[in-house]
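First up is the structure itself, then whatever we jot down about it.
The values are calculated or read from the model by the stated rules, or taken from the named source; none is laboratory data. As the structure is a computational prediction, the values presented were derived from the model and not from experiment. Backbone-built Cβ (ideal geometry, glycine too); neighbour counts: all protein chains shown.
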Amino acid sequence: MTWNDLVALFPILILALGSAALLMLGAWWPRGRELMGLGSLVAGLSVLAAIALTPPVTEISGLFGAGPYARFFTALWALVAALTLLLSRRYGAERRFSGGEYTALVLFAAAGMALLSGATSLVGLFLGLEAFTLVLYILIAFHREDDAGAEAGLKYLVMGAVATGFLAFGIALIFTSTGTFHLPEALSGLDPASGMRPVALLGWAMLLLALGFKVSLVPFHLWTPDVYQGAPAPVAGLLATGSKGAVFAALLGLTAGLEVGWDDLVPLLWLLCVLSMLVGTFCALRQDNLKRMLAYSSIVHMGYALMALLAAGPTGRTALVFYLAAYTAMTLGAFGVLTSFSRASGEAQWLGDLRGLGYRHPLRGAALTIFLFSLAGVPPSAGFIGKFAIFIAALDAGFIALAVLGVLASLVSVYYYLRVVVVLFMSAADDVPLHGGSRGEGAAIALCALATLGLGILPAPLLDLIAQLIP
Amino acid sequence: MTEFTHIPWLSILIFLPLAGALLCLVLWRREELCRWLALAVSWGVFVLTAGLFAAFRAGGSGWLLYEDHAWIERLGVRYILGLDGMSLLLVLLSGFLMLVAVLVSWRVRRHTGFFFALLLLMEAGILGVFLALDLVLFYLFWELMLIPMFFLIGVWGHERRIYAAIKFFLFTLAGSLLMLLAIIGLHLLHTAAGGAPSFALDNLRGLELSPSLEAWLYAAFLLAFLVKVPLVPVHTWLPDAHTEAPTAGSVILAGLLLKTGVYGLLRFGFPLFPNAAAASLPWLALLALIGIFHAAWIAYLQPDAKRLVAYSSVAHMGFVVLGLAAWNQTAVEGSILQMVNHGLTTGALFALVGMIDERAHTRRIDELGGLWGKVPRLSFFFLFFSLASLGLPGLNNFAGEILILIGAFQTNPVWGATAFAGVVFAAAYMLRLVQGVLWGAARGALFWPDLEPREGAVLVVLALLVLWLGLYPAPFLAPLREPVADLLNVLPQGGLP
């Protein structure tokens with residue numbers, strides 16, 4: 001690793017070294033709130049570094065990219081980490097989380113996500129993915145007195161370990177077929193002229209299975225609702241946004257280099273896309289638990305992202321990256337509102353907990369409404385522009401049935417999002433006192449709401465940026 | 001004139017209520033202030049629309065005002081607004097009815113700031129629908145109207161308000177989402193044919209489409225618009241939404257939201273898909289005639305006065321669609337005029353039913369009765385607008401209906417003759433309403449206050465307009481002449497039965 005490599009890695013180094021430093025600091029200075037605040041600052045610095053510094057090389061040690069695409073996602077995931085920590089301060093203090101460990105883990109997860117998004121080698125992909133998955137095992141079960149959290153952590157661990165096995169095996173098979181880990185050369189095994197095609201296909205199947213588990217595509221989704229429900233709300237937000245978005249960013253990098261063999265994967269991905277949209281939509285309809293509803297809704301949204309991936313081409317890739325950014329803003333915001341409503345005694349997960357809150361807490365009620373309408377794809381919101389761009393790309397690529405199905409799924413989805421809005425604004429308030437929210441939480445939610453509306457009204461700058469940086 | 005047209009009047013028209021809505025949201029705790037702010041903003045918008053009408057009352061071919069700016073260039077979406085004689089009339093109606101809606105909501109006591117913010121937001125959405133010429137911008141405003149109405153029904157509505165609000169939202173969204181796909185399809189076909197990526201109406205017109213493709217795309221547009229009109233059999237959301245909505249919500253629903261469907265057909269559906277549209281006209285006429293009779297029959301059986309008026313809306317919109325289906329100068333002008341008429345009379349009737357409900361706390365016809373003896377002034381207006389609604393000559397609905405009927409006779413005498421019978425049906429249910437509410441023995445000994453000055457002023461102005469449109473509709477038909485003539489040239493001639 002040369003000096004130039006280190007410079008190129010600087011934004012991620014800030015995250016990783018900051019993580020280590022705060023972990024040590026936490027051992028002598030056990031002040032949870034302050035440590036998480038410092039963690040937010042570190043992540044914010046990393047965002048600035050990723051935006052401001054132009055790396056001298058475009059690839060680091062043949063493992064990770066350092067081009068504009070990787071930097072974009074580094075900035076995005078560092079921002080997500082910063083907001084997650086900001087949201088966790090009161091939540092963590094009330095549950096006596098040990099601040100040093102928590103902050104270190106969140107920052108480390110962001111570093112893993114950033115590495116995964118820019119992976120240019122199958123080894124890099126494995127490293128990045130495992131870096132943040134391992135961290136998430138701990139974070140999900142971080143609340144020691146909560147049995148649901150422990151159960152969720154265990155579930156994620158067992159399923160995740162199986163997926164990791166598949167991932168490693170798949171990578172090994174792909175390596176066998178071509179003799180290299182580096183992308184896109186490692187993908188040439190799918191070439192019909194290559195004698196190793198069956199091995200490569202098997203490897204790809206295993207790789208997709210493992211990644212499908214991470215982004216919870218149907219039929220690999222069964223862990224999702226339980227884990228979301230059991231995990232602490234801010235961690236669930238990180239899990240729903242960063243961990244899924246980073247995998248999709250890596251998938252985009254993988255498939256962009258796939259010149260031959262793409263046609264073999266299309267039917268499989270098509271099926272996963274249809275199943276995710278259908279099953280996710282119908283399961284979300286009957287959920288009375290907000291976190292479970294958001295879990296199923298995230299499954300549907302990953303179906304949309306897969307539609308964009310299938311559409312391929314510059315329009316499809318631009319749509320995918322824009323959608324990931326939009327999805328991150330609105331989902332993180334929704335979990336942020338849930339976090340800020342939670343009390344020391346428990347989270348406000350159930351629909352009944354939110355009765356009439358739109359009037360009692362108008363700002364956060366309005367913010368949650370914005371996020372939900374955006375998730376449903378109602379204009380003017382980031383979610384609408386994202387879906388609109390995806391439908392353009394999908395129809396352009398000839399996936400008419402997928403687009404129609406996507407539209408119908410989004411129609412049905414309006415029903416379950418509206419249920420929450422109805423509870424917020426159209427039912428009498430109970431006398432359950434929910435937390436008034438802290439200033440940091442308010443700032444994080446406001447930023448997400450601003451991004452959700454802003455990207456819906458003026459999406460042109462981000463779309464232009466993304467069009468320049470996609471591989 | 002050039003100085004005048006350089007000012008972006010159309011953007012001002014849309015952003016003024018939007019700014020008012022945001023201000024109301026910010027000041028939501030100061031209810032009295034919000035109320036006056038809403039009145040001031042809606043008054044300002046009305047003055048603007050009236051000024052535009054005065055400036056362009058002579059009409060003319062092409063766009064009277066036009067704005068075009070880049071918006072999302074990468075996707076080919078532009079911010080294009082345009083005003084012609086047809087939108088001029090509907091914009092004027094919007095400005096006026098929103099003012100009425102604000103005035104009839106003066107007594108709203110719950111979450112007042114929020115209420116008026118939603119009204120103004122809806123005004124921005126409706127004006128945007130009538131002015132947008134880029135299909136994506138149009139879609140955006142089209143959806144933007146839904147959200148405030150959803151809250152208006154759901155928060156301030158009556159007993160079954162949540163059911164009605166969700167039904168309303170899902171029905172309209174079902175139509176419009178498929179329209180969104182059709183819009184994208186049209187855009188891609190235009191690009192594939194060698195055009196620059198665009199969603200602008202002017203660019204997408206005249207695209208060569210294969211007949212089956214044109215039929216599919218047209219069907220998606222048609223569904224979105226007919227749900228909104230609403231035409232039988234996709235009308236079932238309307239009685240629920242109308243009945244459960246607060247008074248202002250019903251006034252806007254009947255007066256403006258239903259008009260966006262017909263407007264969408266005229267502005268987008270017919271010009272974009274002329275061949276499919278020409279083929280669909282007889283079917284539209286059939287559905288319109290079924291609607292006139294079906295809705296009239298159901299209206300006659302309603303025990304609830306508000307529901308009766310709601311079904312009368314479906315019947316009246318049947319006439320409007322029949323005018324479109326007849327597709328000649330007289331009938332189409334009549335249809336557009338009838339939209340204005342229906343907005344005024346039905347808006348007034350909903351306001352009156354709301355006023356009665358505020359006093360009697362019931363809308364059931366069998367629990368009302370004898371109002372003439374108790375509240376003569378309110379009853380006079382009730383009778384007046386009921387007579388207007390059933391098409392009494394000299395009042396506004398007659399003027400619109402007679403144009404539609406004459407036009408329908410010219411195209412197909414059977415349509416005209418059948419629709420004439422529909423007018424008799426209208427008389428039947430309206431007279432039953434009048435008989436049940438105004439005449440007979442007074443029930444309940446409570447003393448009711450008659451009209452207060454605010455209510456009286458609204459009704460007097462509405463009544464004067466009803467008389468004006470009934471006796472001398474020419475000023476309102478003048479700006480329509482050339483846009484309608486241009487529209488008629490769009491469809492291939494001779495394709496009619």
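The table for this structure:
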| read-out | value |
| --- | --- |
| Residues of the stretch B:213-239 classified as over 18 Å from B:Met145 (Cα atoms) and either among the aliphatic types (A, V, I, L, M) or modelled with pLDDT of 90 or more (or both), total | 12 |
| Subset of the stretch A:431-471 [outside any helix (DSSP H, G or I), more than 14 Å from every other protein chain (Cβ to nearest Cβ) and not small (Gly, Ala, Ser)] | A:Asp431, A:Val432, A:Pro433, A:Leu434, A:His435, A:Pro471 |
| Residues (surrounded by fewer than 24 Cβ atoms within 10 Å (Cβ to Cβ) and aliphatic (A, V, I, L, M)) located in the stretch A:64-78 | A:Ala75 |
| Hey, A:Phe335 within 29 Å of B:His111 (Cβ to Cβ) and within 14 Å of another protein chain (Cβ to nearest Cβ) or not | no |
| Members of the stretch A:329-361 that are part of a helix (DSSP H, G or I) and among the aliphatic types (A, V, I, L, M) | A:Ala329, A:Met330, A:Leu332, A:Ala334, A:Val337, A:Leu338, A:Leu351, A:Leu354, A:Leu357 |
| Breaking point among (1) of a type in the set (Ser, Thr, Tyr); (2) over 21 Å from A:His143 (Cα atoms); (3) in contact (Cβ under 8 Å) with a residue 24 or more places away in the chain, for A:Thr54 | (3) |
| Boolean, B:Ala124 is touching a Gly at 6+ places or on another chain (Cβ under 9 Å) and either more than 12 Å from chain A (Cβ to nearest Cβ) or within 19 Å of A:Phe373 (Cβ to Cβ) (or both) | yes |
| Given (1) more than 27 Å from A:Phe10 (Cα to Cα); (2) surrounded by fewer than 18 Cβ atoms within 10 Å (Cβ to Cβ); (3) of a type outside the set (Asp, Glu); (4) in contact with a Ser or Thr (Cβ under 6 Å, 6 or more places away or on another chain), number of the condition A:Ala168 does not satisfy | (4) |
| Tally of residues being under 28 Å from A:His361 (Cβ atoms), in contact (Cβ under 8 Å) with a residue 40 or more places away in the chain and either in contact with a Gly (Cβ under 9 Å, 6 or more places away or on another chain) or aliphatic (A, V, I, L, M) (or both) across the stretch A:440-471 | 15 |
| Among residues of the stretch A:413-430, those that are in a helix (DSSP H, G or I) and either in contact with a strand residue (DSSP E or B) (Cβ under 9 Å, 6 or more places away or on another chain) or facing chain B (nearest Cβ under 9 Å) (or both), counted | 7 |
| Counted residues, the stretch B:36-69 - those being part of a helix (DSSP H, G or I) and farther than 16 Å from B:Ala124 by Cα | 7 |
| Any hit, the stretch B:210-228, residues being more than 14 Å from every other protein chain (Cβ to nearest Cβ), free of Cβ contacts under 8 Å to residues at least 24 places away in the same chain, out of contact with any Ser or Thr (no Cβ under 9 Å at 6 or more places or on another chain) and not in a helix (DSSP H, G or I) | yes |
| Residue pairs meeting the criteria (Cβ under 9 Å; at least 6 apart or on separate chains; first charged (D, E, K, R), in the stretch A:367-392; second surrounded by fewer than 24 Cβ atoms within 10 Å (Cβ to Cβ)) | A:Lys387/A:Val407 |
| Top-ranked residue in the stretch B:130-174 [being more than 10 Å from chain A (Cβ to nearest Cβ) and small (Gly, Ala, Ser); ranked as nearest to B:Asp240 (Cα to Cα)] | B:Ala164 |
| Enumerated helices (runs of 4 or more DSSP H) restricted to the stretch A:154-247, each holding at least 3 residues that are within 18 Å of A:Leu309 (Cβ to Cβ) and of a type in the set (Gly, Ala, Ser) | A:197-214 |
| Residue in the stretch B:277-290 that is buried (at least 22 other Cβ atoms within 10 Å of the Cβ) and under 17 Å from the mean Cα position of the chain (by Cα) present | yes |
| Number of positions in the stretch A:362-389 that are assigned to a helix (DSSP H, G or I), within 10 Å of another protein chain (Cβ to nearest Cβ) and either of a type in the set (A, V, I, L, M) or under 19 Å from A:Val266 (Cβ atoms) (or both) | 4 |
| Test: residue in the stretch B:24-45 that is surrounded by 14 or more Cβ atoms within 10 Å (Cβ to Cβ) and under 30 Å from B:Val490 (Cβ atoms) | no |
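Each row is one residue, and each column tells you yes or no for (1) part of a helix (DSSP H, G or I); (2) under 17 Å from B:Tyr429 (Cβ atoms); (3) in the same structural domain as B:Glu159 (by TED's automatic domain parsing).
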{"residue": "B:His316", "(1), (2), (3)": "yes, yes, no"}
{"residue": "B:Val321", "(1), (2), (3)": "yes, no, no"}
{"residue": "B:Ala331", "(1), (2), (3)": "yes, no, no"}
{"residue": "B:Ser335", "(1), (2), (3)": "yes, no, no"}
{"residue": "B:Gln338", "(1), (2), (3)": "yes, no, no"}
{"residue": "B:Leu344", "(1), (2), (3)": "yes, no, no"}
{"residue": "B:Asp357", "(1), (2), (3)": "yes, no, no"}
{"residue": "B:Glu367", "(1), (2), (3)": "no, no, no"}
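Yes/no per residue for (1) at pLDDT below 95; (2) closer than 20 Å to A:Trp29 by Cα:
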position: A:Ser98; (1), (2): yes, yes
position: A:Ala110; (1), (2): no, no
position: A:Ala119; (1), (2): yes, no
position: A:Thr133; (1), (2): yes, no
position: A:Ala141; (1), (2): yes, no
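Residues checked against (1) within 14 Å of chain A (Cβ to nearest Cβ); (2) hydroxyl-bearing (Ser, Thr, Tyr); (3) buried (at least 20 other Cβ atoms within 10 Å of the Cβ):
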site: B:Ala70; (1), (2), (3): yes, no, no
site: B:Leu81; (1), (2), (3): no, no, yes
site: B:Gly85; (1), (2), (3): no, no, yes
site: B:Ser94; (1), (2), (3): no, yes, yes
site: B:Val102; (1), (2), (3): no, no, yes
site: B:Ser105; (1), (2), (3): no, yes, yes
site: B:Thr112; (1), (2), (3): yes, yes, yes
site: B:Phe115; (1), (2), (3): yes, no, yes
site: B:Leu120; (1), (2), (3): no, no, yes
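Conditions (1) at pLDDT below 95; (2) at positive phi; (3) surrounded by fewer than 24 Cβ atoms within 10 Å (Cβ to Cβ), marked per residue:
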residue	(1), (2), (3)
A:Leu324	no, no, no
A:Trp350	yes, no, yes
A:Pro362	yes, no, yes
A:Ser381	yes, no, no
A:Phe399	yes, no, yes
A:Val407	yes, no, yes
A:Arg419	yes, no, yes
